[in-house]
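First comes the structure, then the notes that go with it.
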Protein chains: 2
Amino acid sequence: MNADKIPDIIISRLPVYLRALQHMADQGMRTTSSQELGEHVGISAAQIRKDISQFGEFGKQGTGYSISYLLDKLREILKVDRLWDVIIVGAGDMGHALARYQGFVNRGFNVAMIFDNDKSKIGQKIGDLTVEDTAEMVEKVKASGIRIAMLTIPATVAQETTDKLVEAGIRAILNYAPINLIVPPDVRVQYIDPATHLQRMTYYCE
Amino acid sequence: MNADKIPDIIISRLPVYLRALQHMADQGMRTTSSQELGEHVGISAAQIRKDISQFGEFGKQGTGYSISYLLDKLREILKVDRLWDVIIVGAGDMGHALARYQGFVNRGFNVAMIFDNDKSKIGQKIGDLTVEDTAEMVEKVKASGIRIAMLTIPATVAQETTDKLVEAGIRAILNYAPINLIVPPDVRVQYIDPATHLQRMTYYCE
DNA sequence: TAGATTGTTAATCGATTAACAATC
DNA sequence: TAGATTGTTAATCGATTAACAATC
């Protein structure tokens, strides 16, 4: 693997390749080319080859890429060749939907805990999980060593909760609250805000 | 307004500025600078000035930007100075969570219909909405003139459903299904896939 | 072998940043 | 006026694309 620093924009495309390759493998395909993969993900063949070649020579001239081999390599690069425990903070509608989502486990994630500060929700069962008290969150997350959180709480309390998550050792946050979070440089945040995503498209609507 | 084609990467930042300005306005602030706004959204002051200046001269040297004026202008540019009807396709957990989400209305969107093909869900009430039969979707969406859809169905049926949406006149799709959609060039798609977003961050986790 | 496709280089294209005159 | 901050230009930086030798 290349020791140089890989641009984040390349890293951001790898999960898309991974997902498409997983889909191809599910369909029984054995090999693919940068051309074919590009058509599936809407990215040029040249860019796919360049992206992949940052990490090694995984293809063969004339025949392309072995899907299962490239899957293994991408999972290894993205570190999803293991199962990451994650927590959910906020047991509202969105927290519930994520807690019940079946799509995490075969993509490398396991929802291990869910927290809320609403007394009426604490103790409630969601599938295998029981809603725990946010007051105990820092302690429990520290003890668990969990590094990844999904935030599904109101924007008003998102920053203070983020500060607690960082204190608890969380290093990656998937933020569903419609607010920009301030975090130390070693903490990553990804934003999911449906209204913001929709507003990116209305510009083009007549 | 500038008649030149504005790069999509600039358009994609405007909703983030809009959200931050709305937050500032809610806090009672009247004016801001590119410097201050930049600190809120994690973008350089120079870039914010350059982005905004694509559309006109909305600031004043020495004093910065009037928040309410810039809000008005950004809403106008993004066309969210009106209320867009949107539909939800798929009344599972995620569809339910979006149907109940309170954050759309003051960002320019109104959930007008929700569809599912599961007989046990059709007729079910979700807030003010009643789940309708996907079989009637094309007809009803055509009649309504609605242009925007949120897709919360399994990946296996996402492409065929997308084809129907396009036929029905939908021009913007917020896709929660973990699959790349193939659409004509005049249709926009935004992707929300929590597993993909998480996989973008595990690369950086130890 | 002939055809296909990779990995990589160089050229192009586009986005970001730094700097500063204009001006509120 | 003095200080602050915009809008814009030019320079820098980075990403994408095109092309092709290498080779399966």
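Rule-based calculations on the coordinates, nothing more; no lab input. For clarity, every value in this text was computed on a predicted model and none was experimentally measured. Virtual Cβ from ideal backbone geometry, glycine too; neighbours counted across all protein chains shown.
Of note:
- Counts of other chain beta carbons within 10 angstrom of each beta carbon in peptide A:186-195 average 6.
- Principal axis dimensions, the range A:1-111 - Cα atoms, whole angstrom, descending: 51, 35, 24
- Cβ-based charge dipole, chain B, positive-most Cα from B:154, B:104, B:198: B:104
- Shielding value for B:98-110 is 3, the average number of Cβ atoms from other chains within 10 Å of each residue's Cβ.
- Radius ratio Rg over Rh of the range B:1-65, counting only Cα atoms, Kirkwood formula for Rh: 0.95
- 5 Å binning of all Cα-Cα separations within chain A, expressed as whole percents from 0 upward: 1, 6, 13, 16, 15, 14, 13, 11, 7, 3, 1, 0, 0
- Check: the protein assembly as shown dipole with +1 on Lys, Arg Cβ and -1 on Asp, Glu Cβ, in debye: 460
- A viscosity of 1.567 mPa s and a temperature of 4 °C, combined with the Kirkwood radius over Cα pairs in Stokes-Einstein, give a translational diffusion coefficient for the range A:73-127 of 105 µm²/s.
- Of B:111, B:89, B:16, the one that fluctuates the most in a GNM where chain B has Cα springs shorter than 10 Å: B:16
- A Cβ-based charge dipole, computed about the Cα centre of the range B:1-60 with Lys and Arg at +1 and Asp and Glu at -1, lands at about 60 debye.
- Ordering A:133, B:116 from the fewest to the most neighbouring beta carbons within 10 Å gives A:133, B:116.
- In this assembly of identical copies, the label point of residue B:143 (Cα plus 7 Å along Cα-to-Cβ) is separated from its counterparts by 5.8 nm, sorted shortest first.
- Loop-exposed trypsin sites (Lys or Arg not before Pro) per DSSP, neighbour cap 13 Cβ within 10 angstrom, longest uninterrupted part of chain B: B:120-206
- Taking the C-alpha atoms of the protein assembly as shown, convex hull volume expressed per residue in Å³: 163
- Chain B, relative contact order [Cα under 8 Å, separation at least 6], %: 13
- Here the dipole of the range B:112-206 is about 200 debye; that uses its Cα centre as origin and unit charges on the Cβ of Lys and Arg (positive) and Asp and Glu (negative).
- Counting neighbouring Cβ atoms within 10 Å and putting the fewest first, the residues A:74, B:71 line up as B:71, A:74.
- Exam field: residue A:169 pseudo-label spacings to other copies (7 Å along Cα-Cβ), nanometres: 5.6
- Taking every DSSP beta bridge that has both ends in the range B:43-140, the antiparallel portion is near 30%.
- Axis-nearest residue in chain A [Cβ, rotation onto B], distance in whole Å: A:97, 2
- Shortest-first nm distances, residue A:63 label point to equivalent points in other copies (7 Å, Cα→Cβ): 7.1
- log10 of Debye I(q)/I(0), alpha-carbon scatterers only, for the range A:146-206 at 0.24 Å⁻¹: -0.93
- The range A:1-59, relative contact order [Cα under 8 Å, separation at least 6], %: 42
- Per DSSP, loop GluC sites (Glu not before Pro) in the range B:1-100 with at most 13 further Cβ within 10 Å: B:57
- In summary, the lysines within cross-link reach of residue A:142, defined as a Cα separation below 29 angstrom excluding same-chain residues under 8 places away, comprise A:79, A:119, A:121, A:125, A:164.
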